[in-house]
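S.K.: Handing you this structure, nothing more for now.
The values are calculated or read from the model by the stated rules, or taken from the named source; none is laboratory data. Treat the numbers as computed from the prediction; the structure is a model and nothing was measured. Note: ideal-geometry Cβ built from the backbone for every residue, glycine included; neighbour counts use all protein chains shown.
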Amino acid sequence: MSSIPIFFMSAFKMPFWVIKEIDKLRRNFLWGRSTGSTTGIPLLAWDRVCLPKHLGGMGVLNLKILNTSLLLKWLWRLFVLPNSQWSTLTRSMFASRVLTSPLSWTARGSFFWKDLLTLRNIFSILTRFDLGSGRETLFWFSNWGNGFLNFFDCKPLPSKPHLTVQKVCQSLSSSLQAPWNRDVHSAILHLSSFTPSDTRDTCSWKCNSSGNFTVKSAYSTLVSAGKIEFQATLIWSTKLPPSIRLFIFLLFQDRILTQEALVKRNIEVQPGCSLCDSTSLETATHIFCLCPYTQELWNRMSSLFPSFVFLGHTDLRQLILDAVGSVPINGVNHKAIVSLTVLWAIWLERNNRIFRGAARSTEALLHWITSQQSLFLKHC
Ligand SMILES: [Zn+2]
């Protein structure tokens, strides 16, 4: 569903309301909601769903960021292929000056051109100018040297926004006398050791090692900005069916609908654990670690797999981290497959008891788990 608007987004800035509508369709599809239905409670905030897996998301494309990344490609072409037919035509139509930086270009023109200009700030942050003659680099706005200056958000703008590095170099001694603030003074001082050459200034892309723009690197940089690495990325590489991996991912983030989670969503519940006789409010830690039924199951698993330590965990997240982080043998992480299948089976058993009234003993469940595990291992 995400791929449908990509062609459009490669050339235009998609209106906010269109992105919102597409996201609504994708969200309903993901959580099994049909139009007008109240079933299918979203288990994770949409912003979170759209983060990459290594940042704790589900890797669903963030359309706004994808749109920006696709459009940045055009700005990049204007810089690195200034003599291509498209660049020449675009410049002659819209760019009022010869300068390389899009900051100096007029905001008048087609919708396409205006959309590109809204990305100037982002483009400047993600690129770096290496000085040749200094003629194409704007002193105040281009990201040159060690990124001394960035006056994009400064209001009012400097009185000479189109001042180039070359111009500053030409009047270096008088510039140094001016009462600048410390950052500006450092930038000018830096130029005193710079010798302009006859070559063009070059623009390089900061988001990958090659220095060349790619939509993928733009997307990855923009979507990751300010986010924290997710601890349990290995969940996604475990050789288990996608539905189990998704369940474990949600379980790790405490996003499954236990009684405790339902109460937090203001849904009334009758407290009690369906696996044991407890009448306390059901929590994930109880179901998967502390419940006597579960402990008996883990106990039986320990007899079957003596080399794996299952018992003693009261921290569910740590249990999952230990499982996915254990050392694979011949590329297969047996402990993860075994442990995560048990967690999944406990949840199925809990749901079967609540919704179908069907209960199995720990022995019967263990038998079923081992048959599933051998099935999964066979496909590794
Ligand atoms: Zn219980």
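Matching residues to (1) free of Cβ contacts under 8 Å to residues at least 24 places away in the same chain; (2) in a helix (DSSP H, G or I):
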residue	(1), (2)
L281	yes, no
T285	no, yes
F288	no, yes
L297	no, yes
M301	no, yes
P306	yes, no
H313	no, no
R317	no, yes
I320	no, yes
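S.K.: Would you pick out the residues in the stretch 331-365 that are among the aliphatic types (A, V, I, L, M), at pLDDT below 90 and part of a helix (DSSP H, G or I)?
M.R.: The answer is A336, I337, V338.
S.K.: Assess whether L246 counts as being outside the structural domain of L43 (by TED's automatic domain parsing) and within 28 Å of the chain's Cα centre (by Cα).
M.R.: Considered against the rule, which asks whether it is outside the structural domain of L43 (by TED's automatic domain parsing) and within 28 Å of the chain's Cα centre (by Cα), L246 comes out as yes.
S.K.: Of all residues in the stretch 50-66, which are buried (at least 20 other Cβ atoms within 10 Å of the Cβ) and not in a loop (DSSP other than H, G, I, E, B)?
M.R.: Scanning the stretch 50-66 gives L63, L66.
S.K.: Can you work out which of the residues in the stretch 179-212 that are among the hydrophobic types (A, V, I, L, M, F, W, C) and more than 17 Å from N143 (Cβ to Cβ) is modelled with the highest pLDDT?
M.R.: Top of the filtered list is L189.
S.K.: Find the residue count for the stretch 67-81, including only residues that are closer than 14 Å to C207 by Cβ and aromatic (F, W, Y).
M.R.: Summing the residues that are closer than 14 Å to C207 by Cβ and aromatic (F, W, Y) in the stretch 67-81 gives 1.
S.K.: Now, a different point. Would you mind finding the one in S217, S209, S197 that is crowded, with 16+ Cβ neighbours inside 10 Å and either at negative phi or of a type outside the set (K, R) (or both)?
M.R.: Exactly one residue qualifies, and that residue is S217.
S.K.: While we're on this one: Go through (1) away from the ligand (no atom under 16 Å from the Cβ); (2) closer than 23 Å to A358 by Cα one by one and return the number of the condition A232 breaks.
M.R.: Of the numbered conditions (1) away from the ligand (no atom under 16 Å from the Cβ); (2) closer than 23 Å to A358 by Cα, the odd one out for A232 is (2).
S.K.: Turning to a different aspect of this structure: Which ones in the stretch 213-240 are at pLDDT 90 or above and part of a loop (DSSP other than H, G, I, E, B)?
M.R.: Scanning the stretch 213-240 gives F213, T214.
S.K.: For V165, work out the one condition from (1) more than 31 Å from the chain's Cα centre (by Cα); (2) at pLDDT 75 or above; (3) surrounded by fewer than 16 Cβ atoms within 10 Å (Cβ to Cβ); (4) not small (G, A, S) it doesn't fulfil.
M.R.: In the conditions (1) more than 31 Å from the chain's Cα centre (by Cα); (2) at pLDDT 75 or above; (3) surrounded by fewer than 16 Cβ atoms within 10 Å (Cβ to Cβ); (4) not small (G, A, S), V165 misses (3) alone.
S.K.: Please tell me if C273 is assigned to a loop (DSSP other than H, G, I, E, B), within 16 Å of the ligand (Cβ to nearest atom) and not small (G, A, S).
M.R.: yes
S.K.: Determine which single condition L222 fails, assuming it passes every other condition in (1) closer than 30 Å to I41 by Cβ; (2) surrounded by fewer than 18 Cβ atoms within 10 Å (Cβ to Cβ).
M.R.: Checking L222 against (1) closer than 30 Å to I41 by Cβ; (2) surrounded by fewer than 18 Cβ atoms within 10 Å (Cβ to Cβ), the one that fails is (2).
S.K.: Next up: So T100 fits all but one of (1) outside the structural domain of V215 (by TED's automatic domain parsing); (2) modelled with pLDDT under 75; what number is the exception?
M.R.: Unmet for T100, out of (1) outside the structural domain of V215 (by TED's automatic domain parsing); (2) modelled with pLDDT under 75: (1).
The rows are residues; the columns are (1) out of contact with any Leu (no Cβ under 6 Å at 6 or more places or on another chain); (2) loosely packed, with under 15 Cβ neighbours inside 10 Å; (3) within 20 Å of R255 (Cα to Cα).
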{"site": "H286", "(1), (2), (3)": "yes, no, yes"}
{"site": "C291", "(1), (2), (3)": "no, no, yes"}
{"site": "N330", "(1), (2), (3)": "yes, yes, no"}
{"site": "I354", "(1), (2), (3)": "yes, yes, yes"}
{"site": "I369", "(1), (2), (3)": "yes, no, no"}
{"site": "S374", "(1), (2), (3)": "yes, yes, no"}
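S.K.: Restricting to the stretch 207-231, and then to whatever is under 12 Å from I65 (Cβ atoms) and among the hydrophobic types (A, V, I, L, M, F, W, C), can you tell me which residue is farthest from the chain's Cα centre (by Cα)?
M.R.: In this case the residue turns out to be V215.
S.K.: Of the residues E268, E260, E282, only one is more than 11 Å from the ligand (Cβ to nearest atom), modelled with pLDDT of 85 or more, surrounded by 15 or more Cβ atoms within 10 Å (Cβ to Cβ) and assigned by TED's automatic domain parsing to the domain that holds I337; which?
M.R.: E260
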